[in-house]
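Accompanying notes for the structure given below.
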Amino acid sequence: MDVVKSSWGVADIENQSSRGLSQETVKMLICRSQDAKKHAYCPYSKFRVGAALLTLDNSVITGCNVENACYNLGVCAERNALSKAVSEGYRSFKAIAIASDFCDQFISPCGGCRQFMREFGSKWEVYLTKTDGSYKKMTVDELLPDSFGPEDLTMKKSDRYS
């Protein structure tokens, strides 16, 4: 996990992997997630969240949270962006940035969103942000260790109930 404490300025990421995103790309992704947050429909919680998802071909697909009077029918920004991406034919991703109105802490995806992201791999990057543009970089694997994914469905099962 890498943390950058900066206000939109150039900052170094400690221990950045060779496949990591450039600072320009990270900044752009965070900006796009903050722009997406502006479209949030959250009349009940007043908690705006935006997400910007980077595909392998460098397309950016955004999403925002959409609430519903029947609370459990709402959709989180991360799942909104991923669903839009899947509906456009994407299945593999480099990174996602998540933005909220938090100033003092990094926004973190809920458990449902972590599992939804895991469906599309465990090694891609997740940027948890604050309003000043600072961020914490993690992977899906770090957010959801020892997770259950599509490959687990092909594992050998007991034939005890056959």
Residue in region 38-56 that is assigned to a helix (DSSP H, G or I) and of a type in the set (A, V, I, L, M, F, W, C) present:
no
Is there a residue in region 54-66 that is of a type in the set (Asp, Glu), within 18 Å of the chain's Cα centre (by Cα) and modelled with pLDDT of 65 or more?
yes
Do you know which residues across region 60-102 are farther than 16 Å from Met117 by Cβ, touching a residue at least 12 places away in the same chain (Cβ under 8 Å) and loosely packed, with under 13 Cβ neighbours inside 10 Å?
Ala69, Tyr71, Glu88
Of residues in region 145-162 being among the polar types (S, T, N, Q) and not in a helix (DSSP H, G or I), the one farthest from Ile98 (Cα to Cα):
Ser162
Being over 12 Å from the mean Cα position of the chain (by Cα) and touching a residue at least 40 places away in the same chain (Cβ under 8 Å) is the requirement here; does Gln23 meet it?
no
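The values are calculated or read from the model by the stated rules, or taken from the named source; none is laboratory data. Keep in mind it's a predicted model, so treat the numbers as computed, not measured. Heads up, the Cβs are rebuilt from the backbone with ideal geometry, glycines too, and the neighbour counts pull from every protein chain shown.
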